[in-house]
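Below you'll find the structure, written out as structure tokens, and then a few comments.
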Amino acid sequence: MKKIILSGIQPSGALTIGNYVGAVRNWAKLQTDETYCFYCVADMHAITVRQDPNELRKRSFETAALLLAAGIDPDKSTLFIQSQVPQHAQLSWVLCCNSYMGELSRMTQFKDKSATKNEENINAGLFTYPVLMAADILLYNADYVPVGVDQKQHLELCRDIAIRFNNAYGEVFKVPEPMIARVGAKIMSLQSPDKKMSKSDPNPNGFVAIMDEPDVIMKKFKRAVTDSESVIEYREDKLGVSNLLTIYATITGKSIEESVAEFQGMGYGQLKIKVAEAVIEELTPIQTAFKQYLANPDYISEVLEKGRKQASEAAQKILDKVFEKIGF
Ligand code: ATP
Ligand code: LTN
């Protein structure tokens, strides 16, 4: 029996090297003879923040193209757009009725995202976001969910909901395990290295987008915030430099120790250039492939249609069991 892998990404902005290192790069590698992977573009999650409709549609499509460019193989995996598979919304409601206000209130992403708004402006979707994510995962009997470290708490909640439902109604859901990389699971902002690099950061200098041009990538790294020492070490109190080292190590496949050794005697200026060069080298073939895919939108539509069919067939099986159990 193949192990089932599922993950998702929001089309809420241009994908960053944080998304790439923390998630997407590993997705391609997880396609093996022992696994079957489902990857979804989570456009329903994206509307927890107001989106321009045409922009959202375009970005969902482009996110799919970028996933193909990053090595997701539609002959091996199912690649689909979340909103095209209505079972996600259907299961999400059932799970909402088996989730508690208390546990949802404790989610740090909710606390962070709602902290900037006054109470009337926090939409309920932001609150139930992790329940929809649980539905994404449980609909496919996922064994493993590869994510960045920021999603760990949401996965624990998903497990709690699955176990609670199974206890109340009998075994329906498989309880999934998170899969979090040892290095690179949290790439920090280049401008505020105490904050996660985020594609919805209003300051574009904080992130490097996968599709940024080489000169833009170089410029953003040159501007990266470091510290007032001039020694290249991986230390908790050197967030900026440690982040650059993490990016370098994950992109080149070297260990942190090897990377630190390689930069001994160099200044921050040289470090930034070397990291930028490594990132540009890694991203160039992906950028080329992305442009080729986008030049062939019919192919992407075909892939997504096949993905929609496969995903909804798999999801319906679980949803049928759930509906039976709860008395629908
Ligand atoms: P947003 O800024 O809109 O909240 P995001 O950049 O956090 O988006 P998501 O779509 O929420 O991106 O996340 C997709 C995947 O990328 C998740 O597995 C998430 O854990 C991972 N990820 C996001 N940001 C980082 C980061 N800075 N470092 C490592 N992994 C990340
Ligand atoms: N909420 C996730 C994206 C996401 C996801 C999923 C991840 C949506 N559905 C299912 C794993 C499994 C995020 O990274 N913000």
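For the reader, a short list of remarks on this structure follows.
- Of the trypsin sites (Lys or Arg not before Pro) found in the stretch 114-176, the ones in coil according to DSSP and having at most 12 other Cβ atoms within 10 Å of their Cβ are LYS117.
- SER301, SER114, SER92 arranged by Cβ crowding within 10 Å, fewest neighbours leading: SER301, SER114, SER92
- Label-to-label distance, nm, for residues given as TYR299 and LYS152 (7 Å Cα→Cβ offset): 3.9 nm
- In summary, the aspartates and glutamates within cross-link reach of LYS219, defined as a Cα separation below 13 angstrom excluding same-chain residues under 8 places away, comprise GLU277.
- For the pair LYS317 and GLU257, a Förster radius of 56 Å applied to the C-beta separation gives a FRET efficiency near 0.75, rounded to the nearest 0.05.
- The ranking of VAL131, VAL183, VAL216 from fewest to most other beta carbons within 10 Å of each one's beta carbon is VAL183, VAL216, VAL131.
- Ordering VAL208, VAL260, VAL85, VAL303 from the fewest to the most neighbouring beta carbons within 10 Å gives VAL260, VAL303, VAL85, VAL208.
- With a threshold of 23 Å on the Cα-Cα distance, the over-threshold entries among LYS111/LYS174; LYS174/LYS325; LYS254/LYS274; LYS186/LYS272 are LYS111/LYS174.
- Low-density loop positions, GluC sites (Glu not before Pro), the stretch 1-106 - DSSP coil, at most 13 other Cβ in 10 Å: GLU34
- C-alpha center-to-center spacing [the stretch 268-311, the stretch 124-167] in angstrom: 27 Å
- Rg over Rh for the chain works out to 0.98, using Cα positions for both radii and the Kirkwood form for Rh.
- Under 11 Å from the ASP160 label point (7 Å along Cα→beta-carbon), backbone N, the stretch 93-109: 99-108
- Note on the stretch 103-186: Cα convex hull, mean projected area over all directions, 6.2 nm².
- Estimated from helical segments only, the mean residue ellipticity of the chain at 222 nm is -16500 deg cm²/dmol, where each DSSP H run of four or more residues counts as -39500 (n - 2.57).
- All lysines inside 17 Å of LYS58 as judged from Cα atoms, apart from same-chain residues fewer than 8 positions distant: LYS199, LYS291
Any read-out appearing in this document is the output of simple, stated calculations on the displayed coordinates, not a laboratory observation. Being a predicted model, the structure only gives us computed values, none of them experimental. Every residue, glycine as well, gets a Cβ built from its backbone with ideal geometry; the counts of neighbours run over all protein chains shown.
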